[in-house]
1. Would you pick out the residues in region 111-142 that are in contact with a strand residue (DSSP E or B) (Cβ under 9 Å, 6 or more places away or on another chain) and not in a helix (DSSP H, G or I)?
2. List the pairs whose first member sits in region 303-316 and is within 19 Å of K536 (Cα to Cα), whose second member is modelled with pLDDT under 85 and among the basic types (K, R), and whose Cβ atoms are under 6 Å apart, counting only residues at least 6 apart or on separate chains?
3. Does E357 count as farther than 28 Å from G75 by Cα, free of Cβ contacts under 8 Å to residues at least 60 places away in the same chain and either in a loop (DSSP other than H, G, I, E, B) or not basic (K, R) (or both)?
4. Somewhere in region 211-221, is a residue among the basic types (K, R), part of a loop (DSSP other than H, G, I, E, B), at negative phi and under 25 Å from the mean Cα position of the chain (by Cα)?
5. Only one of A291, A273 is open to solvent by 10 Å² or more (accessible area, probe 1.4 Å) and either hydrophobic (A, V, I, L, M, F, W, C) or under 22 Å from V431 (Cα atoms) (or both); which?
6. Being in contact with a helix residue (DSSP H, G or I) (Cβ under 6 Å, 6 or more places away or on another chain) and either of a type in the set (D, E) or open to solvent by less than 20 Å² (accessible area, probe 1.4 Å) (or both) is true for just one of A254, A283. Which residue is that?
7. Could you check D355 against (1) acidic (D, E); (2) farther than 13 Å from I399 by Cα; (3) under 25 Å from the mean Cα position of the chain (by Cα) and say which number it fails?
8. Any residue in region 21-37 that's small (G, A, S): show its pairings with residues that are exposed (fewer than 12 other Cβ atoms within 10 Å of the Cβ) at Cβ separation under 6 Å, as long as the two are six or more apart or on different chains.
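The values are calculated or read from the model by the stated rules, or taken from the named source; none is laboratory data. Just so you know, these numbers come straight off a predicted model, no measurement behind them. Every residue, glycine as well, gets a Cβ built from its backbone with ideal geometry; the counts of neighbours run over all protein chains shown. When the accessible area is computed, the model is the full protein with side chains, heavy atoms only, and any ligands, DNA or RNA have been set aside. Shrake-Rupley method; radii C 1.70, N 1.55, O 1.52, S 1.80 Å.
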Amino acid sequence: MLAAHPESSPYQTGLDRNPANYAPLTPLSFLERTADVYPQRTAWIHGEERCDYEKFRERCRRLASALAGRGVAPGDTVAVMLPNTPPMLEAHYGVPMTGAVLNTINVRLEPATIAYTLRHGGAKVLLTDSEFAPAVREALAALEKPPLVVDVVDPLSGAADRLGSLTYEELLAEGDPAFAPLLPADEWQAIGLNYTSGTMGHPKGVVIHHRGAYLNAIGQALACNMALHPAYLWTLPMFHCNGWTFTWGVTLQAGTHVCLRKVEAGPIFQALAEHGVTHMCGAPIVMNMIANAPAALRRPFAQRVNAMTGGAAPPAAVLQKMAALGIDMTHLYGLTECYGPCSVCAWQEEWDALDAEQQAALQARQGVSYPTLKALDVIDPETMAPVPRNGATIGEIMIRGNTVMKGYLADPEATQAAFAGGWYHTGDLAVMHPDGYAEVKDRSKDIIISGGENISSIEIEAALYRHPAVLEAAVVAKPDEKWGESPCAFVSLKEGEGATAEDLIAHCRSLLAGFKTPKSVIFGPLPKTSTGKIQKQILRERARV
């Protein structure tokens, strides 16, 4: 229960909030400070282009001024359909400088979902890269009231398809470089609108606020060992949870944003070698790609790199390969509803003495809460009591604190259900270990129930990844006449490697209880989201055939 001083308390009398002792938290303050203190430091790199922080702030202010001049007001929505390029980064400052809300759209969505997002979010302006013009054109045609379209023409893309009558640089030219940002009067004011993947019907609009964005950006810097002046490589889409708030966190530390239009092994190694990259993030597929890159694409680099990944924890083989390259991996956990990562598998010094397999098992945990999150626990959703810390009893990961969303846009029922009992319900099933580290066992919808036994698909996937021929693996439930459900494995193999279904089933049988062993194995590429997550809903459909 929240306590407050009684009105008669001397700590209440004459000690009011005022401009001298209180300012609403906002990540916009990071740019102001960094541009004041380090104006000549490089803010971003894009191909051969460089921009210092003084110029970066000027461009963001121009964007804000121009948007305001075009009628964008506080509370309006400005949508962007952009890759990891400077305009996307500038939108994270220029849009909220007007008091408007930034809606970053997944660049791999199909036209129908793009149209739904623009309609549901009420976008007044859309900044869109020419590369995505075909899909956006079709989406706009489905809208009764399309937004003002601003075309971003990037010379590095080779695309020049135009949808509107105004380019991004022409828009900036309309703006005032001395524009005074409209900082929020209330830190609870919305700063972003991010849509979930929509695997169960329409995507939900996650509303985040200035306070949470400010705190989560600080949490990222703390949890990911980001000292002053990092060089951050954008291998994570900025549209995904606002780049896990690194769009603001790197600026907080006066770092350099190394833009990367396409995530490919060659450009990644080039950036590591040429720009002294210290930090990067990405899904397991990105880390797999780096670890298994052909020798012809690799370039040596002198610095050690901190790499953060979400989703399934990397297998021991990938961790070892990355370490040998000079890249130290950290496993994070989070959701769109909590600004991206909210927990980290914080390394303990005593783990240094363990062998690689033991370390990998520990690194597979989702870990402990960020210092900026109030609480993370594994809770029985029926009783709302924490489960025993025995590493065996399964409950649901629940979180609470300042870095949890405001709620779902125009969806009070979903918001109320998500916050039932005073916690945000993640839907992830997990155990809590005696040391206080949480470990996800499955999504609630991904658990396999075979003959009355609960089977963790993640546990089977971990076993499959220990086979030397396996590049990627995902396990889902397959209808079974006898058992109700049985595990079905989808696997892609490393180039030049070979393995049969019988080989992999025997391999799993040597590591798992018999009832957990996959009953079928299907080979081929695995469908993924734009952020590299394997789309299990598609695999479930395939398993039913």
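1. Of everything in region 111-142, those that are in contact with a strand residue (DSSP E or B) (Cβ under 9 Å, 6 or more places away or on another chain) and not in a helix (DSSP H, G or I) turn out to be G122, A123, K124, V125, L126, L127, T128, D129.
2. From region 303-316, the pairs are G311/K533.
3. Considered against the rule, which asks whether it is farther than 28 Å from G75 by Cα, free of Cβ contacts under 8 Å to residues at least 60 places away in the same chain and either in a loop (DSSP other than H, G, I, E, B) or not basic (K, R) (or both), E357 comes out as yes.
4. no
5. On the way: A291 fails: open to solvent by 10 Å² or more (accessible area, probe 1.4 Å).
Just one listed residue meets the conditions, A273.
6. Values: A283 fails: in contact with a helix residue (DSSP H, G or I) (Cβ under 6 Å, 6 or more places away or on another chain).
Of the residues listed, the single one that is in contact with a helix residue (DSSP H, G or I) (Cβ under 6 Å, 6 or more places away or on another chain) and either of a type in the set (D, E) or open to solvent by less than 20 Å² (accessible area, probe 1.4 Å) (or both) is A254.
7. The one condition D355 does not meet is (3).
8. none
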